[in-house]
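S.K.: Before I ask anything, here is the structure I am working with.
Throughout, read-outs are computed from the coordinates displayed, never taken from laboratory work. Computed from a prediction, not measured in an experiment: that's the story for all the values here. As a convention, Cβ positions derive from the backbone with ideal geometry for all residues, glycine included, and neighbour counts pool all protein chains shown.
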Amino acid sequence: MRTLCRLLEVSSSGYYAWRRHKPSARQVQDGVLKRLITAAHRRGRGNYGAPRIVEELRDNGTPISKRRCARLMRELKVRGRKRHRRRPRTTDSTHGKAVPTNQLAQRPEPTGPDQVWVTDITYIETGEGWSYLAVILDLWSRLIVGWAVAVTLHASLAIAALTRALRQRRPTAGLLHHSDRGGQYVDEDYLKLLAEHRIERSMSRAGNCYDNATAESFFSTFKTESGLEESIPPNHRDVELASFDYIETFYNRTRRHSSLGYLSPVAFENQQLKNDTKAA
């Protein structure tokens, strides 16, 4: 041992003192927190950074500051996924059809479910070509109420997502439907479906992506956290399966949303329903 200490330029007395040293209470606690952080990071599918992991731990009864969590994550060499700001263009507004004004900007923030839905379409590269994902998002709870995947940008894709949303939510008259100016949203069959359910229409201003920022933000999150941006799936079926897994299993039910007080969309809706029941 003296030879090893000499080679490492460490005094033997210093080495034996280190061996006898016991970790402090804070070091022991850091070790426990690291295990909890690793588990929370895994539950978040590797997507969560320090803010969401802090909320995850606090909800499970473990108090921790954001600063301490960030430090321990650096020591563990784990981090949340960063978004890539690249977005494809899927809107063709040269259809020449009449479009409604942007009513979304004139309305107050929704105070309950199925008051405002926003919708959009994005593309995903596969080994068989492009796949397209259409989603409909409830602006109040950020819940994805309808979605569909197809291999073309035909209006049938948007109709499939809308049909799914109507079947699941059964909204009352007066719901506002907001989209960009894409041809899918002025298709005759699409408009007929909206009219049958007495849904009001709203569209973004020409060339202004910020008018539909919530849907745009979801797609950025989806592509980053689903892993579809990091590796190209071999076929269209894999995109559909990945979309189902991310939206139905993770995003709607589990993923913590900063604008919802770090609750998932389903948890947020359930909490509000419980509060309304108590108030009544």
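S.K.: Percent relative contact order of the range 132-280, based on C-alpha pairs within less than 8 angstrom and at least six residues apart? Numbers along the way, then the final one.
M.R.: Working: 163 pairs, mean separation 26.7, N = 149.
It rounds to 18 percent for the range 132-280.
S.K.: Extension gain Thr277-Thr101, at 0.36 nm per residue separation less the Cα-Cα distance, in nm?
M.R.: So the extension gain works out to 59.7 nm.
S.K.: Continuing with the same structure: Using the membrane-span-like helix rule (whole DSSP H runs, Cα extent along the own axis of at least 24 Å, mean Kyte-Doolittle hydropathy at least -1.0), which helices of the chain qualify? Don't jump to the answer; show the numbers that get you there.
M.R.: Values: long enough: 25-43 (27 Å, -0.57).
Span-like helices in the chain: 25-43.
S.K.: Calculate the all-directions average of the projected area of the range 111-184's alpha-carbon convex hull, and give it in nm².
M.R.: Computed as one quarter of the Cα hull surface, the answer is 5.1 nm².
S.K.: Expressed in nm², what is the orientationally averaged projection area of the convex hull enclosing the Cα positions of the chain?
M.R.: 21.0
S.K.: Given contacts defined as C-alpha pairs under 8 Å and at least six residues apart, what's the relative contact order of the chain, whole-number percent?
M.R.: Relative contact order of the chain: 16 percent.
S.K.: Any idea what the alpha-carbon Rg over 2.2 N^0.38 Å comes to for the range 140-280? Could you put the intermediate results ahead of the total?
M.R.: Values: Rg = 16.3 Å, N = 141, 2.2 N^0.38 = 14.4 Å.
That works out to 1.13 for the range 140-280.
S.K.: Let me ask something else. Please label the shape of the range 1-78 as rounded, prolate or oblate, based on the square roots a ≥ b ≥ c of the eigenvalues of the alpha-carbon gyration tensor (a/c under 1.5 means rounded; beyond that, a/b larger than b/c means prolate, else oblate).
M.R.: Note, shape of the range 1-78 comes out prolate.
S.K.: Right, something else. Taking the alpha-carbon distance from Lys192 and a cut-off under 20 Å, which lysines remain once sequence neighbours fewer than 8 residues away in the same chain are dropped?
M.R.: Lys97
S.K.: Using only the Cα atoms of the range 137-219, what are the Rg and Dmax in Å?
M.R.: 12.3, 32
S.K.: Trypsin sites (Lys or Arg not before Pro), restricted to the range 138-206: which are DSSP loop and have at most 13 other Cβ atoms within 10 Å?
M.R.: Of the trypsin sites (Lys or Arg not before Pro), the ones in loops of the range 138-206 whose Cβ has at most 13 other Cβ atoms within 10 Å are Arg198.
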